[in-house]
Amino acid sequence: MSFSADWLALREPIDHRSVSASLRASVAQRFAARDGLHVVDLGCGSGSNLRGLAPHLGARQRWTLVDWDSGLLAHARAALAQWADDAQQDGAQDDGALSIMKDGKRIDVRFRQADLARRLESVLDPAPDLVTAAAFFDLVSPEWIEGFCKALAARGLPLYTVLTYDGRETWEPPHAGDAAMLAAFHAHQQSDKGFGPAAGPRAVQALAGSLAANGYRVARELSPWRLGASDFALMSELAKGAAGAVLETGRLEPREVAAWLAARTPAASCSIGHEDVWATPG
């Protein structure tokens, strides 16, 4: 399970503007009195989640960015160094920490390659102060989510995760093939991404339910992408990606998919549903 650096860069500004400001403020308030904070970010990709959340946390932060894709970890290192006001490498380029300064905050970042499907608990020890993820839980299985929540609860760790796909999509203008395309896309979403059959659009419900069953207080807020004319590049890539996924399922004829894609390329707007979750031990 991996994504291209170009795709992650294209979606980053839309991600940052779409997250729930109220939940993010609750996270910031929780740690406002802390002198230092250690955050573990699961499936970090290019480091977007750090760039979005770190400005709202304290003056001294330590992040561990975890991903299986070594290429994305290298890209995250370079992107964070470029984003920072100042960046200093500590140790070897591949495994050393990166110490950065951004708007008066010091953020020490470590990069860890790990297979979260098999070595989840190893990245939770020693226990951090906060576990985060972005656009991650819809890609893993309900069984993995259940095991993750148990591991989280055993350590008493809070979780803040954003932009989990919830299955709701609306494109304008509407097209006769929208419903069939969405159903086929959801079938692809629930295919195995390396963690067993994925939860896909059921992920938030599975995550919230498992957290509650493990004694967590769970707050949820919608965080949809609302895309318009200025987001043409992202809408175009979304449509192409959806068409490719649907073709892989074999549920629709190629001509049907092609007709939908031709109608979607000049789409005026769309809304793609996501949800954020902030969960604290009871």
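The values are calculated or read from the model by the stated rules, or taken from the named source; none is laboratory data. Please read all numbers here as calculations on a predicted model, not as lab measurements. No Cβ is skipped: glycine too gets one built from the backbone with ideal geometry, and neighbour counts run over all protein chains shown.
Matching residues to (1) small (Gly, Ala, Ser); (2) within 30 Å of Gly156 (Cβ to Cβ):
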{"site": "Ala187", "(1), (2)": "yes, no"}
{"site": "Lys193", "(1), (2)": "no, yes"}
{"site": "Gly200", "(1), (2)": "yes, yes"}
{"site": "Ala208", "(1), (2)": "yes, yes"}
{"site": "Arg226", "(1), (2)": "no, no"}
{"site": "Glu237", "(1), (2)": "no, no"}
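Evaluated against (1) out of contact with any Phe, Trp or Tyr (no Cβ under 6 Å at 6 or more places or on another chain); (2) crowded, with 16+ Cβ neighbours inside 10 Å; (3) not in a strand (DSSP E or B), Ala176 falls short on exactly one condition, (2). Only one entry of Leu50, Leu8 meets the criterion of being in contact (Cβ under 8 Å) with a residue 60 or more places away in the chain, on the phi < 0 side of the Ramachandran plot and assigned to a helix (DSSP H, G or I), and that entry is Leu8.
Out of Leu130, Leu163, one residue alone is under 23 Å from Ala28 (Cα atoms), of a type in the set (A, V, I, L, M, F, W, C) and touching a His at 6+ places or on another chain (Cβ under 7 Å). It is Leu163. Can you confirm whether segment 143-159 contains a residue that is touching a helix residue (DSSP H, G or I) at 6+ places or on another chain (Cβ under 8 Å), assigned to a strand (DSSP E or B) and surrounded by 15 or more Cβ atoms within 10 Å (Cβ to Cβ)? Yes, that holds for at least one residue. Restricted to segment 66-104, and to residues there that are surrounded by 14 or more Cβ atoms within 10 Å (Cβ to Cβ), part of a loop (DSSP other than H, G, I, E, B) and out of contact with any Asp or Glu (no Cβ under 7 Å at 6 or more places or on another chain), the residue that is modelled with the lowest pLDDT is Asp69.
Taken together, the residues in segment 21-47 that are outside any helix (DSSP H, G or I) and either aromatic (Phe, Trp, Tyr) or closer than 28 Å to Ala117 by Cβ (or both) amount to 12. Restricting the first member to segment 180-205 and to residues that are within 16 Å of Cys149 (Cβ to Cβ), and the second to residues that are among the basic types (Lys, Arg) and at pLDDT 95 or above, the beta-carbon pairs closer than 8 Å and six or more apart or on different chains are Val204/Arg220. Out of the residues in segment 222-264 that are outside any helix (DSSP H, G or I), of a type in the set (D, E, K, R) and within 27 Å of Asp192 (Cα to Cα), state the one that is nearest to the chain's Cα centre (by Cα). Only one residue tops the list, namely Arg251. Do you know which of the residues in segment 109-127 that are assigned to a loop (DSSP other than H, G, I, E, B) and out of contact with any helix residue (DSSP H, G or I) (no Cβ under 9 Å at 6 or more places or on another chain) is nearest to Tyr160 (Cα to Cα)? Across segment 109-127, the extreme among qualifying residues is Pro126.
Any idea which of Ala54, Ala5, Ala33 is of a type outside the set (D, E, K, R), crowded, with 16+ Cβ neighbours inside 10 Å and modelled with pLDDT under 95? Only one candidate qualifies: Ala5.
Among the residues making up segment 36-51, those that are under 20 Å from Phe136 (Cβ atoms) and surrounded by fewer than 20 Cβ atoms within 10 Å (Cβ to Cβ) are His38, Arg51.
So that you can scan it fast, the table gives a plain yes or no per residue for (1) more than 13 Å from the chain's Cα centre (by Cα); (2) not polar (S, T, N, Q):
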position: Leu37; (1), (2): yes, yes
position: Leu42; (1), (2): no, yes
position: Gly52; (1), (2): no, yes
position: Ala59; (1), (2): yes, yes
position: Ser70; (1), (2): yes, no
position: His75; (1), (2): yes, yes
position: Ala79; (1), (2): yes, yes
position: Asp85; (1), (2): yes, yes
